[in-house]
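Pasting in a structure now, in structure tokens, and then I'll have a few things to ask.
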Amino acid sequence: MFPTLSLHSRLAVYIVSGGLSGLGFETVKFISQRGGEYIVILSRSKPKPDVQQEILNVEKQCGNSITSMECDISVSEHVHKVISAINLKFPGCPIRGVFHSAVVLRDGLIETLDRSLYEEVFRPKVNGVLNLHHATQKCELDYFVCYSSISAFLGNPSQTNYAAANTFLDLFCQYRRKLGLPGQSINWGEIICVAEAPAGVLGMHIAQCSWSWYVCMAMLKCAPVFCYRCD
Ligand SMILES: NC(=O)c1ccc[n+]([C@@H]2O[C@H](COP(=O)([O-])OP(=O)(O)OC[C@H]3O[C@@H](n4cnc5c(N)ncnc54)[C@H](OP(=O)(O)O)[C@@H]3O)[C@@H](O)[C@H]2O)c1
């Protein structure tokens with residue numbers, strides 16, 4: 001049974017990087033359903049009409065406000081600028097949470113990957129987390145959550161760049177906790193974002209993520225966790 005406890009404050013802003021799609025958008029819905037009044041999505045692009053419609057549906061259902069701001073989180077100036085813009089747009093509503101979901105994939109066996117294909121994957125995850133960390137230093141955050149992957153510790157032959165970027169997130173969250181700041185990385189297993197799983201893939205359906213989020217946010221706020229399907 002899914003408890004109905006509120007996890008997010010009203011009169012507070014929650015940032016979701018990469019929140020226009022996949023797990024990021026599910027996070028937007030999760031925060032909305034758990035009491036988050038102001039949510040800001042950071043993405044390099046504007047929402048497409050169907051996503052904008054979905055955002056409106058969530059706002060209507062949850063009575064909250066979801067704003068999408070264009071921002072490349074790998075660029076320090078963009079992130080500092082967007083944090084100032086958020087503070088101006090929501091006076092009296094402090095930023096209380098950062099959920100870092102942005103990702104770019106450039107898969108390939110190690111011999112086919114060159115430096116640029118590592119850098120493209122590192123940019124949103126590694127530069128992104130550093131920029132979000134620095135730009136929110138003055139915020140009193142309740143959550144700083146990074147979406148990592150089980151590839152960070154199991155490895156994956158065609159995702160060495162992705163595994164390395166996720167390992168950075170895991171260690172960076174440890175570093176934040178050592179500084180006395182919130183920091184949690186969630187090592188997700190394969191998540192099936194569409195209705196039907198591809199043949200042979202044993203993944204957690206995206207609808208099943210809510211319980212994992214709940215446990216991560218409510219009980220294991222500062223602990224690293226692994227979320228994967230184990231049946
Ligand atoms: N899906 C899975 O099975 C799975 C499994 C394990 C872990 N995870 C983790 O969960 C997170 C979400 O994965 P997903 O598959 O749901 O992702 P996704 O649907 O591919 O979404 C990634 C988002 O990141 C945004 N993004 C990329 N670079 C950005 C940048 N520099 N600045 C701002 N936004 C940026 C993209 O939007 P723009 O292009 O508009 O910027 C996009 O909306 C990732 O961190 C991933 O590692 C996912």
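Let me spell it out: the conditions are (1) closer than 18 Å to residue 210 by Cβ; (2) crowded, with 16+ Cβ neighbours inside 10 Å; (3) not small (Gly, Ala, Ser), and residue 61 meets all of them except one. Which number is the exception?
Here residue 61 meets the rest and fails (2).
Being in a loop (DSSP other than H, G, I, E, B), more than 16 Å from the ligand (Cβ to nearest atom) and among the aliphatic types (A, V, I, L, M) is true for just one of 56, 20, 7. Which residue is that?
7
Right, something else. Is the stretch 2-17 home to any residue that is within 17 Å of residue 86 (Cβ to Cβ), touching a strand residue (DSSP E or B) at 6+ places or on another chain (Cβ under 7 Å), modelled with pLDDT under 95 and not small (Gly, Ala, Ser)?
Yes, the stretch 2-17 has at least one match.
Does residue 52 fit the bill of being at pLDDT below 95, surrounded by fewer than 20 Cβ atoms within 10 Å (Cβ to Cβ), touching a Ser or Thr at 6+ places or on another chain (Cβ under 9 Å) and not charged (D, E, K, R)?
Taking the combined requirement at face value, the residue does not satisfy it.
Need a quick list: helices (runs of 4 or more DSSP H) entirely within the stretch 68-187 having at least 2 residues that are within 15 Å of the ligand (Cβ to nearest atom), of a type in the set (D, E, K, R) and surrounded by fewer than 20 Cβ atoms within 10 Å (Cβ to Cβ).
76-89, 115-122
Also: If you check 97, 92, 128, which single one turns out to be on the phi > 0 side of the Ramachandran plot and touching a residue at least 24 places away in the same chain (Cβ under 8 Å)?
Every option except 92 fails the conditions.
The values are calculated or read from the model by the stated rules, or taken from the named source; none is laboratory data. As the structure is a prediction and not an experimental result, all values here were calculated from the model. Heads up, the Cβs are rebuilt from the backbone with ideal geometry, glycines too, and the neighbour counts pull from every protein chain shown.
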